[in-house]
1. Just reorder S710, S158, S185 by solvent-accessible area, largest first, 1.4 Å probe, all chains present.
2. The range 644-680 to the range 780-794: how many Å between their Cα centroids?
3. Run the simple label-point estimate for V726 and D572 please: 7 Å along Cα→C-beta, distance reported in nm.
4. Order 791-803, 824-836 from most to least packed using the mean count of other Cβ atoms within 10 Å.
5. How large is ³J(HN,Hα) for each residue in the range 838-844, as worked out from phi by the Karplus curve 6.51 cos²θ - 1.76 cosθ + 1.60 (θ = phi - 60°), to whole Hz, x for Gly and Pro?
6. For the range 526-576, which whole percent of the accessible surface, found with a 1.4 angstrom probe, sits on carbon and sulfur atoms?
7. What is the percent carbon and sulfur in the accessible area of the range 587-850, measuring with a 1.4 Å probe over the protein chains and ignoring ligands?
8. Quick check on my link table: of K295/K503; K615/K674; K480/K512; K489/K512; K275/K480; K215/K552, which ones sit more than 21 Å apart, alpha carbon to alpha carbon?
Amino acid sequence: MWTFSYINLFFLVSLCFYISSSAFSTLYSPSCRLQGRFHLHGMHKAGDVVLGGLFHMHFDPNYPDLFFTSEPEQPTCHGFDVIGFRLTQTMAFAIDEINRNPNLLPNVTLGYSVYDNCNTLGIGFRAALSLTSGQEEQVIIHESCEGTPPVLGIVGDSSSTRSIAISAVLGLYRVPTVSYFSTCSCLSDRKKFPSFFRTIPSDAFQVRAIIQILKHFGWTWAGLLISDNDYGLHAARSFQSDMSPADGGCLAYTEILPWGDDPAELRRIVDVMKKSTARVVIVFAHESHMIDLMKEVVRQNVTGLQWIASEAWTSAAVLQTPHLMPYLGGTLGIAIRRGEIPGLRDFLLQIQPDLNHNQSIGKSVVRVKTICTGQEDLETVQTEFLDILNLRPEYNVYKAVYALAYALHELLQCEPGRGPFSGNSCGDLQRLEPWQLVYYLQKVNFTTSFGDEVSFDENGDVLPIYDVMNWQWLPDGGIKVQNVGEVKKSALKGEELTLHEDKIFWNIKSEKPPHSVCSESCPPGTRRARKKEEPECCFDCILCSEGKISNKTDSTECISCPEDFWSSPQRDHCAQKKIDFLSYHEPLGICLTATSLLGTFICAVILCIFICHRKTPIVRANNSELSFQLLVSLKLCFLCSLLFIGRPRLWTCQLRHAAFGISFVLCVSCILVKTMVVLAVFKASKPGGGASLKWFGAVQQRGTVLVLTSVQAAICTAWLVSASPVPHKNTQYHNDKIVYECVVGSTIGFAVLLGYIGLLALLSFLLAFLARNLPDNFNEAKLITFSMLIFCAVWVAFVPAYISSPGKYADAVEVFAILASSFGLLLALFGPKCYIILVKPERNTKKAIMGRGTTHP
């Protein structure tokens, strides 16, 4: 926070002095006189329109007075920066190239006024004020306000901190500044910096680019080291807001690198790096911080780390040494887009030191032990100054100059009366205002000779593009910074990362991307459960509960399967639930089906026997017609049980209970009438009892059976109409099965059906029980009593068994009850008669049946 306080104080003091000086002069004189003067290194070229420039051609300043000096004082800046000087010459070359271009700004000559900021905030701010106010000792004020062409725009500054200070003040007057190296995302705030533009992407995009790289390689656990300035602090905020487990992972730690050599703090930071499980370290700092950090890294011999470099030190040659490559080899870094500037090298070769003018950059350039003569042939030597194969910030300077030029060109192309300003006016070269240039700069759009499109968004940010670099340690010991991809943003496709992994050098034995995660990915079938008091990337993998699945890696939650599906044992997919019903193909279904068919077959056999012996006394006794009806009804009882086997369908659900109810009522009705006939015949055999038989003739017997059966048919009809049984998929019995069953629809209807059968059976049992003491050879009351006893016992046991049996077993219980009761009736009523017909034919006589003339063997 000290940075902002210092900047604000500097603003106020400098701005107040500047305003008070101008106001004082205006009140008492028709001219403006400078109250003090900045003494700066610079180079200048006259033109119709002048563009300003701020570059660091020196560092390590010795400047005792940070404000104004009334007496000339020459600044002392040590350490000539070759790259900074080359940036300056790139601006001069771009302006010279524009002046030679007949299609761009015809009849207008561009000039420049460039100052050395000595890589210092105070000097850089002085230089910016000098560019906007001029350095003339006295300016005569005319009514026309015409004079020396103003500086309409500034190319610079290179530092985010200096750009914040300069743009905050110059923005008040809408003086456009186009930075080529200031990346702080805070500069995208249009309210604070309304006239700031840049040809380098914002750190916000650089942070997202690094996050994309982390995501690409699956690095979800990384450390972050930042510098203690606007560049590093705003980057840290961007990482904290943009970085998430879904988009790139978590930060294991965030440490601020100290300014200068602080061994104790650096030792602590390196200890944190060693103890952390994160194998990836992101460094958002300048090369000076990295130099101090690497001393401690080497001292503690910390290897095996994958470094991610911000653009500030990706191309730092001072770190690319054989001494550091065992530690920094394989570094992946974000670099400013490389470009080509045809003709720049020839322009640089023409530069010679100026030995005559003290205010020139040339003199400070040659402030070395041996003064240059100006006749040296630079073509014969290899210098960093002439290395134009890797133009990155120079390319940004080139684009910045052209952006200002194209904006000015569009301004001058305005047709009077159709302009964008008040009253449809246009800008005038003689009365040009900086804010007018800002308007056109916002709309500028052109393509460089290298093929890159240049335009600015609403925040003044250029269409972003970065190169991805890789520090490679060659087998011969050489070092190479190789371009292995790019990350860019386009209007159509958004942000795109392109990496050529086959070109990447990995500084580990496996020669594969390192592994850096806090917790291993959770496989499908599990979900992530965050560890208590740890970052979100640190988690346990919990198996999904039954009925839920996760079908992708690192799921945060398990999803429930649809109703007809269930989770697989691995919980990674939903499988179709098994369908369960009483099937013809399973052993239980096969046994019941076979038993049902056996009963049907036995009924058919007995029926045939009775038909063949229909004239014998044993068949004719006690109404043979009822016996035939009883056999047919029993056959129907056996067959109706088949409706309970197989997949339930609507028609089988509706038919099964109706068929069962009517068949059994028909059967029990026959037995009931048969019992009543037995009682009537016995009563008629006594004196005075003959009249009772007239009520039990053949017609009455058939009518009774028909009426009793019709009542059950009516009950079934009412049930089916009001609440018909329907097939139902039951998922309550088993989680992994769907039980197909028939729901009765109306429990009352089913109870009435069973109750009516039970009523007839109970009545038959009571009548038979009353007739049990009749002569043994004359009636079958005992057989009816025994058969009804079996029937009632089966169905009394059926009710609780049916209620407690789930799914298909309820159907099996009902089928078993039908078969058991049917076999009980069949064997009890017809077994003895078949035995006499087939085994003891001598007993099949009228005398034997009447109990006369036959002795038992």
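The values are calculated or read from the model by the stated rules, or taken from the named source; none is laboratory data. Please read all numbers here as calculations on a predicted model, not as lab measurements. Don't worry about glycine lacking a Cβ; one is built from the backbone with ideal geometry, like all the others, and counts go over all protein chains shown. Keep in mind that these areas ignore ligands, DNA and RNA; they rest on the heavy atoms of the full protein, side chains included. Shrake-Rupley method; radii C 1.70, N 1.55, O 1.52, S 1.80 Å.
1. S710, S185, S158
2. 17 Å
3. That separation, rounded to one decimal, is 4.0 nm.
4. Averaged packing, sorted descending, gives the order 824-836, 791-803.
5. Couplings: 9, 9, 10, x, 5, 8, 8 Hz.
6. 45 percent
7. Taking all protein chains in place, the range 587-850 shows 72 percent carbon and sulfur surface.
8. K295/K503; K489/K512; K275/K480
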